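Structure record follows, encoded as structure tokens.
The values are calculated or read from the model by the stated rules, or taken from the named source; none is laboratory data. The model shown is predicted, which means the values in this text are computed figures rather than measured ones. Don't worry about glycine lacking a Cβ; one is built from the backbone with ideal geometry, like all the others, and counts go over all protein chains shown. Ligands, DNA and RNA are excluded from the accessible area calculation, which covers all protein heavy atoms including side chains. Shrake-Rupley method; radii C 1.70, N 1.55, O 1.52, S 1.80 Å.
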Amino acid sequence: MKLYEELAEVVTERIENGYFQPGDKLPSIRQMSVEHHVSISTVQEAYRLLEDKKIAEARLKSGYYVTASQYSPDLPSISRPSQKPLVVSQWELVVKLLHSHEQDNELALGKGTPDVGSSTLKPLAKFMADFSRRNDIANFTYDSLQGSKELRHQIARLMVDSGCRLHPDDIVTTTGCQEALTCSMRSIATAGDIVAIDSPTYYGSMQTIQAMGLKALEIPTHPETGISLEALELALEQWPIKVVQLTPVCNNPLGYTMPDANKQRLIELAKQYDIAIIEDDIYGDLSYTYPRPRTIKSFDDDGRVLFCSSFSKTISPAFRTGWCAPGRYLQQMKHMKYVSTACGSILQPRAIAEFIAQGHYERHVRKMRTQYLKNRDRMIDWVSRYIPEGTKMTYPQGGY
Ligand SMILES: Cc1ncc(COP(=O)(O)O)c(C=O)c1O
């Protein structure tokens, strides 16, 4: 046995004995080289071998980590929803879910709430306190209809990471992503229209469809690549679809990220059939890969994508701060925001803008991404160990 193979075996044994858990960082190459009196290249070879065996994985600029050891993807099959546009119901189920609280023996998995205990959020609390304490009369008035200029400026900067080149005036701030989604839908569709959606989809957007008297046409969705574009094309040929709404990056609930080629193809289809796209990117910044994946919006060259997001998953839902980049629907979007809330609050957006401007957002998100990735690997490990064989599981690319 070669030296690097022996070393790989030592690490494998430590993992099997529980010394390193799935998601744990393995010792650095330098550390291993000193500890085992071997050359750097021997450690590199050993780690590469572990990578080939899917025991460890390399993460950019971060080192090697233990992969979810038991992971053997027994994926759910592609969804097979009804092939007809349907009226949405489910409101009673949503109410039940909203009223469910975590109990001692029960973990509430129906709501996606971030870990808000992280020390990286402390500066935000300080900015909020500072803004309130200053007793600045300017803070006690209406915000502009389009929303805080400082925040829109910071959002435009952040969105560069997902491939978007936007001006702050292309953005409208909203009360959370839910308002962004609802105002987007109201900017495009009216009662009776058909909306194509990924399946399963986020229950909140289903309620917008329900409340507006729209019909939902669920499109078969693959747990690793997202909405089936072949099925969507067939549906577009058959039905007068007005808009497609989907969550292509770090999808909730399936966890997939749609490949870039599919995002591009979706834009082509939308052009061909002249439909709009509502893109929900609420978990996008919590992607485990860095740089984060591109959005559909980043491929949009004629303004047909209404991009929606918020800081509810990355920072905290308590701030109720979200936004929309509605492309060519900007005027309709501003009107619908006015109808919905006239304008948002002024303090939270200013505090968040300061938090981003001073680099705290990126620091916070970087930390949370690592933490959530670790949680994912642990969860996959536990599900494969303790949940009965035959259970199907997806392999989320981001989020909680
Ligand atoms: C996919 C998705 N979109 C939108 C929302 C609503 O976000 P917000 O709390 O910012 O209104 C959620 C919240 O759970 C969500 O999971």
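Residues that are closer than 24 Å to LEU286 by Cα, in contact with a helix residue (DSSP H, G or I) (Cβ under 6 Å, 6 or more places away or on another chain) and of a type in the set (Gly, Ala, Ser): which helices (runs of 4 or more DSSP H) entirely in the range 302-400 hold 1 or more of them?
Details: elements: 330-341, 347-357, 360-386.
The helices (runs of 4 or more DSSP H) meeting that bar are 347-357.
ILE275 fails exactly one of the following numbered conditions: (1) under 19 Å from the mean Cα position of the chain (by Cα); (2) open to solvent by less than 40 Å² (accessible area, probe 1.4 Å); (3) more than 20 Å from HIS222 (Cβ to Cβ); (4) not aromatic (Phe, Trp, Tyr). What is the number of that condition?
(1)
For the range 262-278, state whether one or more residues are within 16 Å of the ligand (Cβ to nearest atom) and farther than 29 Å from GLY117 by Cα. Quick ask: steps written out before the conclusion?
First, pick out the residues of the range 262-278 that are within 16 Å of the ligand (Cβ to nearest atom): 277-278.
Add one more test, that the residue is farther than 29 Å from GLY117 by Cα, and what stays is 277-278.
Within the range 262-278 (the criterion being within 16 Å of the ligand (Cβ to nearest atom) and farther than 29 Å from GLY117 by Cα), the answer is yes, since at least one residue qualifies.
With respect to GLY110, determine if the residue is within 16 Å of the ligand (Cβ to nearest atom), modelled with pLDDT of 90 or more and within 21 Å of the chain's Cα centre (by Cα).
So GLY110 does not fit the description; no.
Out of curiosity, is PHE140 modelled with pLDDT under 85, closer than 30 Å to GLY359 by Cα, open to solvent by 80 Å² or more (accessible area, probe 1.4 Å) and out of contact with any Phe, Trp or Tyr (no Cβ under 7 Å at 6 or more places or on another chain)?
Judged against the criteria, PHE140 is a match.
Which numbered condition trips up VAL339, out of (1) among the aliphatic types (A, V, I, L, M); (2) within 16 Å of the ligand (Cβ to nearest atom); (3) farther than 27 Å from LEU254 by Cα; (4) open to solvent by 40 Å² or more (accessible area, probe 1.4 Å)?
(2)
Just one of SER187, SER205 is within 16 Å of the ligand (Cβ to nearest atom) and either in contact (Cβ under 8 Å) with a residue 40 or more places away in the chain or under 20 Å from the mean Cα position of the chain (by Cα) (or both); which is it? Steps first, answer last, please.
Values: SER187 fails: within 16 Å of the ligand (Cβ to nearest atom).
So the residue among SER187, SER205 that is within 16 Å of the ligand (Cβ to nearest atom) and either in contact (Cβ under 8 Å) with a residue 40 or more places away in the chain or under 20 Å from the mean Cα position of the chain (by Cα) (or both) is SER205.
For the range 296-307, does any single residue satisfy the condition of being open to solvent by less than 10 Å² (accessible area, probe 1.4 Å) and within 13 Å of the ligand (Cβ to nearest atom)?
yes
This table checks each residue for (1) touching a Lys or Arg at 6+ places or on another chain (Cβ under 9 Å); (2) free of Cβ contacts under 8 Å to residues at least 60 places away in the same chain; (3) among the β-branched types (Val, Ile, Thr); (4) surrounded by 12 or more Cβ atoms within 10 Å (Cβ to Cβ).
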position	(1), (2), (3), (4)
LYS2	no, yes, no, no
GLU6	no, yes, no, yes
VAL43	yes, yes, yes, yes
PRO81	no, no, no, yes
